[in-house]
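As structure tokens, the structure follows; a few thoughts come after it.
The values are calculated or read from the model by the stated rules, or taken from the named source; none is laboratory data. In this text, all values refer to a predicted model and were calculated from it rather than measured experimentally. Neighbour counts are summed over all protein chains in view; Cβ atoms, including those assigned to glycine, are modelled from backbone coordinates with ideal geometry. Just so you know, the surface numbers come from the protein's heavy atoms only, side chains and all, with ligands and any DNA or RNA stripped out. Shrake-Rupley method; radii C 1.70, N 1.55, O 1.52, S 1.80 Å.
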Amino acid sequence: MKSKELKKYPLQIVMMTLTFIINMSLPLLFGYLIDNILISGSFNLLIKWFAVTFSVTVTGMIMNFFFISYNPVKIGIQNTFKLQKQSLKCVLKMSQALYSKKDKGYYFNICENSTGAYGDLHEEMNLNMVSNLIYIAAMLAFITYVNAVFGIFFIVYGIVLVLICFNGSKPLFNMQKDVLAVQDDYMMDMRNIIENKVCINALHTEGFFSDRFNNSTVKYEKYILRYRFFEYLCHYLPDIANQICNVAFLFIAAMLVMNGKITAGILVMGYQYMGYFATPIATVCAIVVRYRSSRPHIERVDELEEEAEMSKENEAFKKETVGTEDSLIMKAENFDFYKGSEEEDFLYHIDKLELKKNGLYVIKGENGSGKSMLLNLMLGNVSPADSNGSISVAGDIDDTVMLTYPFFAINGSFTENLYGIEEDNELAKMLRVDFTDKEITGNPVNLSYGQQQKLALMRVFGCDAPILFLDEPLSNLDTDTQEKVVRYIAGLKGSKSMLVVMHSDELDEIADGVITIQGKRMSMVGR
């Protein structure tokens, strides 16, 4: 468990151990009642015994509630929320190229489920288990001091419980390794329905997606039922062993009483310690079992934090490889661009391409030719590992703001959907934004495609970034608004570096260069 977000719990361990010590004093008081008050006839001590025992009992109950029951649960919940916040920060921080290697459902599962398992287990391993091990050691030391036969019996009893718990946990451990993949598929199919309801309804494909989800549910349900069966079996087996060992202990203790080796009070005290002894051992074993079976959850969270610290894919070809050409934002020579490792993943060849700072460049090509891929390569969102040749980007390339698809929104006002970007009234007027008073939903059915595009442009143009990447900025806009956007982009020329993906020619005349992709070759016509 490598997360630096969660700390250890020394104070809580002290309070838990103190609570266990108070609990251990009760069997001593009960033994004292039998031997020193009831059998000896010292009834004058009964009131004092009651006062002490009552105080210890009430104190123990209060401390049990706070430090044994509630506090670990509270810490586990706090841990979960800390890890969820940290995991989402890691998702936002990690490189797009690394992020895209796994399905979105994988990350949703980490943030929703793995963080919960990790948070609980961190508390259990570093607080609950440590405190219970101290408790077990203290009881063994005391019971052995009282009677060596009791000590030997408790040690054997503990070994039996440990063997039963660990052997019974093997099916759980084996299943947990496989169930996460099944859970990922299940949650992915659920997410697809929820996120894409509009498209599903529009195509009348409800039956297809319902059947697909039903198949995922059947498979996942079988895993869950089997897992729960073995989980409850693991809890039940120690109870069986406990009942059998209790009977054996009473038989041995009774023989010792008959032979005058111990008193009846010691027998009662030992029998109570038997019940006390089983609980921390079962707790420790259960924690170890949960840790072993939940290792995939732990590894996922740790791996996510490690991946968030990895350099973006474009770090290797940033400004240091550009040399002294500070006037360029990108330079490529004899570069073969591949989106993957297979031959059919080849996109295009670049003989030579230089993009100057504060220039306006238009990129054109057929759908799927790799126009947007070049932008993502420069930003480090696409891995260059399978490409070859020379390419370099400016050191400040990460200061780029990009107009991307699909459009997304959150439940809230127009201002909230600017995501903290200051509203520009002149820009809103230019775009003819007339829906600033509208409440927007996360599934923005109350915004037309044109309104969605205008809001997206408000976000991008509202950012004070030196580099703009615009993917089809005129899409879904009426002719008059398109003309205004073209004039606005022209007005930014010379003050910002701009790469614009286009299918039409509205920006060709004002561009510093038109980059085209034809016949698997990228070339630029300068102006």
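How long is the gain from residue 219 to residue 146 if the chain were fully straight, where each residue apart is worth 0.36 nm and the alpha carbon distance is subtracted?
Length difference between fully extended and current span is 20.8 nm.
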>> Using the crude model of +1 on Lys and Arg Cβ and -1 on Asp and Glu Cβ, and no other charge, please compute the dipole size for region 346-486 relative to its Cα centre, in debye to 20.
In response: 340
> Relative to a virtual label point 7 Å from the Cα of residue 199 in the Cα→beta-carbon direction, which members of region 403-423 show backbone nitrogen distances below 18 Å?
Replying inline: 404-410
>> Below 26 Å, Cα to Cα, which lysines can residue 74 reach? Residues fewer than 8 away in the same chain don't count.
In response: 2, 4, 7, 8, 82, 85, 89
> Using a 1.4 Å probe, what is the accessible area per residue for region 10-125, in Å²?
Replying inline: 54
>> For region 55-127, place one equal point scatterer on every Cα, skip the solvent, and apply the Debye formula. What is log10 of I(q)/I(0) at q = 0.11, 0.21 Å⁻¹?
In response: -0.41, -0.88
> Treating the beta-carbon of each Lys and Arg as +1 and of each Asp and Glu as -1, no other charges, what is the dipole magnitude of the chain about its Cα centre, to the nearest 20 debye?
Replying inline: 2320
> Shape call for region 71-171 from the C-alpha gyration tensor, a ≥ b ≥ c root eigenvalues: rounded (a/c under 1.5), prolate (a/b greater than b/c) or oblate?
Replying inline: prolate
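How charged is the neighbourhood of residue 191? Take every other residue with its Cβ under 10 Å from the Cβ of residue 191, and add Lys/Arg as +1 and Asp/Glu as -1.
Working: positive: 104; negative: 103, 189, 195.
That works out to -2.
If you count the DSSP beta bridges with both ends in the chain, what percent of them are antiparallel, to the nearest 5? Mind dumping the intermediate values first?
Working: 21 of 41 bridges.
Around 50 percent antiparallel, to the nearest 5.
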> Lys/Arg Cβ at +1, Asp/Glu Cβ at -1, dipole of region 432-527 taken about the Cα centre: which of 479, 456, 519 is farthest positive-ward?
Replying inline: 519
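Tell me, in nm to one decimal, what length is gained between residue 349 and residue 520 on full extension, where the rule is 0.36 nm per residue of separation less the Cα-Cα distance?
Details: separation 171, 0.36 × 171 = 61.56 nm, distance 0.63 nm.
Taking 0.36 nm per residue and subtracting the Cα distance, the gain is 60.9 nm.
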> Which of the following values of volume of the Cα convex hull per residue in Å³ was calculated from the structure shown: [x] 149; [y] 208; [z] 182?
Replying inline: [y]
>> Give me the 1.4 Å probe accessible area per residue for region 407-492, excluding ligands and nucleic acids, in Å².
In response: 49
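With a 1.4 Å probe and all protein chains left in place, how much accessible area per residue does region 205-286 have, in Å²? Before the final figure, lay out the partial values.
Working: 4870 Å² over 82 residues.
Per residue, region 205-286 has an accessible area of 59 Å².
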>> Give the list, by residue number, of cysteines in the chain with no other Cys Cβ closer than 4.7 Å, or say none.
In response: 90, 111, 199, 234, 245, 463
>> Restricting the calculation to Cα positions, tell me the Rg (one decimal) and the Dmax (whole number) of region 11-97 in Å.
In response: 22.9, 82
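What does the net charge come to around residue 504 if you take all other residues with beta carbon closer than 11 Å to its beta carbon, with K and R at +1 and D and E at -1? Don't skip to the answer; put the middle values down first.
Values: positive: 364; negative: 472, 505, 506, 508.
Charge balance near residue 504 sits at -3.
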>> Which one, 363, 328, 68, is farthest towards the positive end of the dipole of the chain when Lys and Arg carry +1 and Asp and Glu -1 on their Cβ?
In response: 68
>> Given points 7 Å out from each Cα along the Cα-Cβ axis, report the residue 11 to residue 479 separation in nanometres with one decimal.
In response: 7.2
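Report in % the part of the accessible area of the chain that belongs to carbon and sulfur, leaving out ligands and nucleic acids; probe 1.4 Å. Don't skip to the end; give the middle numbers.
Numbers: 15990 of 27190 Å².
In the chain, the share of accessible area belonging to carbon and sulfur is 59 percent.
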> From the residues 9, 201, 503, which one has its Cα farthest along the dipole of the chain in the positive direction, the dipole being from +1 and -1 charges on Cβ of Lys/Arg and Asp/Glu about the Cα centre?
Replying inline: 9
> Once amide H atoms are placed 1.01 Å from N in the peptide plane, what residues at a sequence separation of 5 or more from residue 471, or on another chain, have their amide H within under 5 Å of its amide H?
Replying inline: 403, 501
>> Defining a contact as two alpha carbons under 8 Å apart and six or more residues distant in sequence, what relative contact order in percent does the chain show?
In response: 16
> What share of the DSSP beta bridges in region 402-527 is antiparallel, in percent to the nearest 5?
Replying inline: 45
